[in-house]
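The values are calculated or read from the model by the stated rules, or taken from the named source; none is laboratory data. Quick caveat: nothing in here was measured; it's all calculated off a predicted structure. Every residue, glycine as well, gets a Cβ built from its backbone with ideal geometry; the counts of neighbours run over all protein chains shown.
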Amino acid sequence: MNDTAIKSDLLKGGEFLIKESTPDKTFIPEELSEDQKMVRSMVQDFIANEIDPVADKLEKQEPGLSASLLEKAGELGLLGTHMPEKYGGMAMDTNTNTLITDWLGYMAVGFTVSIAAHTGIGMLPILYFGTEEQKEKYLPGLISGELKASYCLTEPGSGSDALGAKTRADLSEDGKHYILNGQKMWISNAGFADIFIVFAKIDGDKFTGFIVEKKNADGMTLGEEEDKMGIHASSTRQVFFENVKIPVENVLGEIGKGHLIAFNALNIGRFKLCAMCMGGSRRAIEKSIQYANERHQFNQPIGNFGAIKYKLAEQTIRNFAVESALYRTSELLQNKKQQLMDEGMDVAMASMKAAEEYAIECALLKVAGSESLDYVVDEFVQVLGGIGFSEEYTAARAYRDSRINRIYEGTNEINRLLSIDMLLKRAMKGQLDIVGPAWEVQKELASMPSFEQNEGDYGDEHKAIKDFKKIILMVAGGAAKMQMDGQINLKDEQEILMNAADMLMDAFVAESLLLRVEKLAAMSDKPHKQEVYDAILKTYFSDAQHRIHRSASDAITAFTEGDLQRTFLMGLKRFTKYPAVNVKNNRRLIADTLLAANDYCF
């Protein structure tokens, strides 16, 4: 299919719920180009030669080390692969940038936070919202690593509620400066940053972004390094502003529109966080596999035992599935950006608008990636047993470092609620036709069940995806109807919204996994026999159906009763007919493949 056809038929954000996708429009890691493989090798070399040898020093925050490593990353071009060439960037495509972020996550040390904060929420606000003068002044230094960036949004009294910030900015009498007063907390890179993206309320009510240069910010002070549970290798401090003069030309974006900067930076930040989680997860799985081969108990490797095989296989299934959704979304972002650029939009605005379009997917990926990583590192500790609990080995650090991912870039609870809120708002605005498909599901509930045979090699999986989506439409549509009738207020029913978000996430990841496995089935040079990929697919679908059934049941019983409840529960039973799977044998096949390779080989 040519590029024009792909772009004209490009899925809108959230539209995966009501439309089918095909493998030919899906990008998978197994089809990396030779150039992309070379870029991956460069990142791997950077980690092996520059990061791994100093991991312990990073953990102890050796003065100047993080800053010097950012400079080395800049010398390699790694800080500007997503930036326009006119400012010194490399302007690589979205899929290549996803690959880079994924493998930077493989560092599995807190320095990933430093580089992510610098290249993401530190640089993107200037790219997206800066004037041309601001871009020319700051982006080249940030891309080279000469300048380091930080992002100041959170305050002691405002976290998820960013607009509740108290930091204020008042125009000086001569009209040349804004006087900044306030306090920020949990600020990554604060200890060594040169440029701070700061949010404050002009006159106490106009939420606005500012570019603050540390060297010219008299009255700006830093708190001590936070004593954190994890990510010790990253700098995290409070930042205080006392009558700090900010030139009026350093206002970022429009006055009173700072929320647009914050929200748009977070969209792509959530996507990138998922990518880094995948890289960190891959490394934890590798070490779990290698230890399972090395550690002997009862005269044999512990990898021979079914309980350990289960853990290795489940780590892999979750990582492989979410990774499939990550790269699927990467392709959507890339195609949307190109479509907008073809229509005349500049690369910065096109990148921002593409991330905004797929904000639902980015929110779901943030949750899926961080929770998958949490499972992987938890089992990493368990496979290692006592040594996993010791700080002498990397499992303990990975376990501690992972936990923050469910909190920053918006807590997972906030992202769950956001995904459903955005979906419903787009439906109400007519951007997505959710009502029509939801009504078709309601009519189907009143009809006799179909007993058609599922056709094709993956007929059962395609039928399951359709049914998963029907369940979501049934539950979300029913809840929305109850709200319209004044019987419930969904703003007060977060549990129901969380149930819906969990189902939406499982459906998106399951479909992405299916598209990847189908595409692999058509490839002659794939790394493994198709039966291994099929084992991953069928095991994930079996478990996803159980999760979706529970979430739907919990939601249905929360907002229905009587005949309506019985109808919905009967519909739920109708739509959960995926065949029984021998998950034990599937997991053993996956685990044996991993153990034979002594590596995460997918």
- Yes or no: Lys443 assigned by TED's automatic domain parsing to the domain that holds Ala555, surrounded by fewer than 17 Cβ atoms within 10 Å (Cβ to Cβ) and either closer than 29 Å to Ser288 by Cα or without any contact (Cβ under 8 Å) to a residue 60 or more places away in the chain (or both)? yes
Scanning the stretch 370-391 residue by residue, those more than 25 Å from Asp502 (Cα to Cα) and assigned to a helix (DSSP H, G or I) turn out to be Val381, Gln382, Val383, Leu384, Gly385, Gly386, Ile387, Gly388, Phe389
- Query: For the stretch 498-520, does any single residue satisfy the condition of being surrounded by fewer than 15 Cβ atoms within 10 Å (Cβ to Cβ), over 19 Å from Val441 (Cα atoms), in contact (Cβ under 8 Å) with a residue 12 or more places away in the chain and in the same structural domain as Met448 (by TED's automatic domain parsing)?
  - Reply: no
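Considering only residues that are of a type outside the set (Val, Ile, Thr), in a helix (DSSP H, G or I) and crowded, with 23+ Cβ neighbours inside 10 Å, which ones fall in the stretch 107-137? First the steps, then the outcome.
Initially, the stretch 107-137 is screened for residues of a type outside the set (Val, Ile, Thr), giving 107-108, 110-111, 114, 116-118, 120, 122-125, 127-130, 132-137.
Of the ones still in play, those that are also in a helix (DSSP H, G or I) are 107, 111, 114, 116-118, 120, 122, 124-125, 127-129, 132-137.
Met107, Phe111, Ser114, Ala116, Ala117, His118, Gly120, Gly122, Leu124, Pro125, Leu127, Phe129 - these are the residues of the stretch 107-137 that are of a type outside the set (Val, Ile, Thr), in a helix (DSSP H, G or I) and crowded, with 23+ Cβ neighbours inside 10 Å.
Condition check ((1) out of contact with any Gly (no Cβ under 9 Å at 6 or more places or on another chain); (2) more than 20 Å from Lys470 (Cβ to Cβ); (3) in a helix (DSSP H, G or I)) across all residues:
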position: Val517; (1), (2), (3): yes, yes, yes
position: Asp525; (1), (2), (3): yes, yes, no
position: Glu531; (1), (2), (3): yes, yes, yes
position: Ala535; (1), (2), (3): yes, yes, yes
position: Lys538; (1), (2), (3): yes, yes, yes
position: Phe541; (1), (2), (3): yes, no, yes
position: His546; (1), (2), (3): yes, no, yes
position: Ser551; (1), (2), (3): yes, no, yes
position: Arg566; (1), (2), (3): yes, no, yes
When Asp102 is run through (1) over 24 Å from Lys336 (Cβ atoms); (2) surrounded by 15 or more Cβ atoms within 10 Å (Cβ to Cβ); (3) among the acidic types (Asp, Glu); (4) touching a Gly at 6+ places or on another chain (Cβ under 9 Å), the failure sits at (1)
Within the stretch 145-160, residues in contact with a helix residue (DSSP H, G or I) (Cβ under 7 Å, 6 or more places away or on another chain), small (Gly, Ala, Ser) and buried (at least 17 other Cβ atoms within 10 Å of the Cβ) come out as Gly145, Ala149, Ser150, Ser158
Those residues of the stretch 268-303 which are more than 19 Å from Gly388 (Cα to Cα) and in a helix (DSSP H, G or I) amount to Ile268, Gly269, Arg270, Phe271, Lys272, Leu273, Cys274, Ala275, Met276, Cys277, Met278, Gly279
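Looking at the stretch 337-352, which of its residues are over 20 Å from Leu273 (Cβ atoms) and in a helix (DSSP H, G or I)? Show your work before the answer.
Just the residues of the stretch 337-352 that are over 20 Å from Leu273 (Cβ atoms), to begin with: 338-350.
The answer is Gln338, Gln339, Leu340, Met341, Asp342, Val347, Ala348, Met349, Ala350.
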Within the stretch 352-397, residues farther than 22 Å from Thr329 by Cα, crowded, with 20+ Cβ neighbours inside 10 Å and touching a Leu at 6+ places or on another chain (Cβ under 9 Å) come out as Glu379, Val383, Ala395
Within the stretch 193-239, the residues that are aliphatic (A, V, I, L, M) and buried (at least 18 other Cβ atoms within 10 Å of the Cβ) are Ala193, Ile195, Ile197, Val198, Ala200, Ile202, Ile211, Val212, Met220, Ile231, Ala233, Val239
Over the stretch 157-200, the set of residues assigned to a loop (DSSP other than H, G, I, E, B), out of contact with any Gly (no Cβ under 9 Å at 6 or more places or on another chain) and more than 26 Å from Thr112 (Cβ to Cβ) is Asp161, Ser172, Glu173, Asp174, Gly175, Lys176
For the stretch 286-301, pairs from a residue that is more than 13 Å from Leu594 (Cβ to Cβ) and modelled with pLDDT of 95 or more to a residue that is among the hydrophobic types (A, V, I, L, M, F, W, C) and surrounded by 11 or more Cβ atoms within 10 Å (Cβ to Cβ), with Cβ under 7 Å and 6 or more apart or across chains, are Arg295/Ile302
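Sort out for me the helices (runs of 4 or more DSSP H) sitting completely within the stretch 1-80 that have 2 or more residues that are surrounded by 12 or more Cβ atoms within 10 Å (Cβ to Cβ) and of a type in the set (A, V, I, L, M). If you could, list the steps in order and put the result at the bottom.
Details: elements: 3-8, 34-46, 55-59, 65-75.
Hits in the stretch 1-80: 34-46, 55-59, 65-75.
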